Amino acid sequence: MEEKLSSVAKTLTPSPIQQLSFLAQRCDAINLAEGFPDFPAPLHIKNAAVSAINSDFNQYRHVEGICDHVARKMKEMQKLDVDPLTDIVICCGQSEAFAATIFAIVEQGDEVILFDPSYETYETCIRLAGGVPVYVDLDPPNWTLNLDKLKKSFTTKTKAVVLNSPHNPTGKVFSKDELEIIAGACQTWNILAVTDEVYEHITFDKESHISLASLPEMQKRTIVTSSLSKTFSVTGWRIGWAIAPAWIASAIRNIHIKITDSAPAPFQEAALTALRSPHAYFDSLRRDYELKRDFVVDMLEKVGFKMQFKPKGSFFVFAPLPGSCTLSDVEFVEELIKQAGVVAVAGCGFFHTSLSAEDSSQAALGYQRKYIRFAFCKSEDTLAAASKKISGLVDDGRGMK
Amino acid sequence: MASSISTTVPTPQQAAGLTQDESTQKTQTLQVAKRLEKFKTTIFTQMSSLAIKHGAINLGQGFPNFDGPDFVKEAAIQAIRDGKNQYARGYGVPDLNSAVAERFKKDTGLVVDPEKEITVTSGCTEAIAATMLGLINPGDEVILFAPFYDSYEATLSMAGAEIKCVTLRPPDFSIPIDELKSVVSKNTRAILINTPHNPTGKMFNRDELNAIASLCIENDVLVFSDEVYEKLAFEMDHISIASLPGMYERTVTMNSLGKTFSLTGWKIGWAIAPPHLTWGIRQAHSFLTFATSTPMQFAAATAIRAPDSYYEELRRDYMAKKNILIEGLKSVGFTVFSSSGTYFVVVDHTPFGKENDVAFCEYLIKEVGVVAIPTSVFYLNPEEGKNLVRFTFCKDEETLKSAVDRMKKKLLKK
């Protein structure tokens, strides 16, 4: 009965990240693979959710207050004027906001530009909507945007570009210059931009997150998606949003209503409390994650990784395997689980472009199989334990093969 | 809402030559996908706004004005406190999948593998969307029975399906088997059924389900069965089509927590299907919402394992409410069509002399102070529903009595 599956569904494979989690669970390994915290969510927010359930906020609802707060924060952080009544759609996580956006704007055959490496879900949403993903490589080691590569990717069929900044898996934060290049291209080619800004509050080294929508002429053609999940360590609550000009937001809202109808009601209520958190909350979030970043970068350097590029945002480190290491990323990850009891993610799952025959020197082909993603959204204890286990490899003389 | 699309994007040279206004307009008309023609603001939102404005009693929107049981709310609170706040396994928290399987076995006798045959989704609405997107290709024929819940048509059009509609008619809304036979062919990919049925309250009986089953087996057709109201079955027992011979392998059975436990805002639903169909549903689901609200899933497992007494009391309570409403509607002068299940009833409003269902509902809100839903939105061809409106009785008894009183006082027959 396999023929009963839709053609798109047949091409999909299970999430490589989830597969690794199962292996890790079986080996009882320390999980630095999956991108969610193992420390508790902030108490004041959990209390707000409990209170909401007890106060009977349990039926279908749309909590307009969320839109007011999101608009306020956009003004504060990005200097953007957003109308909370018309420009914001509350969804079940950034996942659904993104899916609804793609369904709102992508037609059969439309091309959508993505930057490689990229989070695995974007491409599949685009294909489910009948679109064609077109990848533009970011250049290692600093994952810089190459204007020529970007220019070459546009065709008459290009409908939109997807920008994830701060970036999963590399931890890159797109610079003002790079954003201006992307903005210029969007205007020249008259295309839309869809951003994933879930790590917007997690930036380091005094780096600020700049939303593409805040650049001149960009608000009217940009859909910003984000959520509570990463900022408030509640990835399981499914509260996210899309911000767009009213005529697009309306379309996204209507689709969201048909996909899920409403985001979980008590958590919408709790979102009000979360979004009202004082500046101190965001400052300490950033500080804590920066310390964790430093710890993990340090740990990796001690065992032989050359960390030329340090993440400026998100809670991921994308570490290149040392030159002396002959293993591929997948092989390394398996060895790391078996020998050190630590799980990370092989970077190949984030790369999508297959290099053409012309530039297929060994070195060029190589880099897409040589990166490992470590998540540091974990408690100090977890990170310390991981560090101990990984350092143990070096001490034993086995080192990084 | 712009709905016309051109597939050509101006070249950089052309784009540079456009004025600001022209450029904006072009952006607006070019960019919105064709599928949005089906996605307008819902009638429910419109009626609700009107209701608030006029202080009307809302018997339109299908959610309770009373809350869910404490034991379920406490389970959710406990889960939040226990730190169950991060991403759940994409296709469901293991304990919930098990609870759903246990319940399904109890209700239908079917034994399913919770790991391979159950997918948890953000409400039954998402189960429907994931099923359509995971199992329907553009151009596939899908049969719908009108009147139908409004998300069916929208998600089918998202999947690019060819919709064929068979209308159920008063007074019984029984399945016109001959008409169905003439519509089903080897080209049919799936039939979508909803039993107990929103908006009519009709329940598909064994003969009807057998007839549908034969056609499906003969023509190799899938069935998508929306059974969210199966615990609100009053006049007869609910039958899951998946339990009929030869049917499990081709059926997706969809359900949710919300209606049974008066927690419609929690968004916990599920789809039960054989592994080869579950695969497609899971793929679509993982890219629609990725995962479902974690603490609510833990609470849902507790809820579903409620003793039989919970379900019996639920039915008793709803039957009492139904009687209040139906007696009231009859005494006021509506032609009331018997509802066997769900918490909805449809009535013929024509004794009151309004030109159609929307006009009647507006009159009912403004002059009488009660909300009903015009059923024409539930048909492909709105004309077919213009004599009917839908009332809900998922409200506390005081509210129902007040609504009936208002209608007795102010609703004037022509």
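Here are a few things to note about the model shown:
- Local electrostatic count at A:Ser229 - Lys and Arg +1, Asp and Glu -1, tallied over other residues with Cβ under 13 Å: -3
- B:Glu249/B:Glu162 FRET efficiency (R0 22 Å; Cβ-Cβ; nearest 0.05): 0.40
- Simple label model, 7 Å out from Cα along Cβ direction - A:Ser324 to A:Trp247, nm: 6.1
- R0 of 56 Å, Cβ-Cβ distance A:Gln339-B:Lys401: FRET efficiency to nearest 0.05: 0.20
- Across the cross-link table entries A:Lys388/B:Lys84; B:Lys386/B:Lys410; A:Lys230/A:Lys312; B:Lys322/B:Lys413, which are compared at the Cα atoms, the separations over 19 Å belong to A:Lys388/B:Lys84; B:Lys386/B:Lys410; B:Lys322/B:Lys413.
- Put a dot 7 Å past the Cα of B:Ala320, heading toward its Cβ, do the same for A:Asp116, and the two dots end up 6.6 nm apart.
- Candidate membrane-span-like segments in chain A, meaning DSSP H helices with Cα atoms spread over at least 27 Å of their own axis and a Kyte-Doolittle mean of -1.0 or above, are A:279-302, with no membrane implied.
- Low-density loop positions, GluC sites (Glu not before Pro), segment B:309-414 - DSSP coil, at most 12 other Cβ in 10 Å: B:Glu355
- If a spin label sat at a point 7 angstrom from the Cα of A:Phe39 along the line to its beta carbon, the backbone N atoms of segment A:232-249 nearer than 12 Å would be those of A:233.
- With a cut-off of 11 Å between beta carbons, the residues surrounding B:Pro374 carry a summed charge of +1, where Lys and Arg count +1 and Asp and Glu -1.
- Cβ-Cβ FRET estimate between A:Asp288 and B:Lys413, R0 fixed at 60 Å, reported to 0.05: 0.30
- Overall form of segment A:173-264 per C-alpha gyration tensor (a/c, 1.5; a/b vs b/c): oblate
- Cross-link partners of A:Lys151 among lysines (Cα-Cα below 16 Å; sequence separation of 8 or more within a chain): A:Lys159
- Loop-located trypsin sites (Lys or Arg not before Pro) in segment A:135-191 whose Cβ has at most 16 other Cβ within 10 Å (DSSP): A:Lys157
- Look at the stretch A:304-316: the mean tally of other chain Cβ atoms within 10 Å of its residues' Cβ atoms is 0.
- Helix-only [θ]222 nm of chain A, DSSP H runs n ≥ 4, -39500 (n - 2.57) each, per residue, nearest 500: -12500 deg cm²/dmol
- Structure-based [θ]222 nm, chain B - -39500 (n - 2.57) summed over DSSP H runs of at least 4, per residue, nearest 500: -13000 deg cm²/dmol
- For segment A:164-270, the list of GluC sites (Glu not before Pro) that fall in a loop by DSSP and count at most 16 other C-beta atoms within 10 angstrom reads A:Glu207, A:Glu217.
- All other residues whose Cβ lies under 14 angstrom from that of B:His54 are scored, Lys and Arg at +1 and Asp and Glu at -1, for a net of +2.
- Full extension of the chain between A:Thr155 and A:Ser7 gives 50.7 nm of extra length, using 0.36 nm per residue less the Cα-Cα distance.
- In this rough spin-label picture, where each label sits 7 Å from Cα along the Cβ direction, the B:Met236-B:Arg169 distance is 2.0 nm.
- For the listed residue pairs B:Lys366/B:Lys408; B:Lys259/B:Lys321; A:Lys75/A:Lys310; A:Lys172/A:Lys206, the alpha carbons are over 18 angstrom apart in A:Lys75/A:Lys310.
Each reported figure results from applying straightforward, stated rules to the coordinates on display, with no laboratory input. These figures come from a predicted structure and were not determined experimentally. Reconstructed Cβ throughout: ideal geometry from the backbone, glycine too, with neighbour counts over all protein chains shown.
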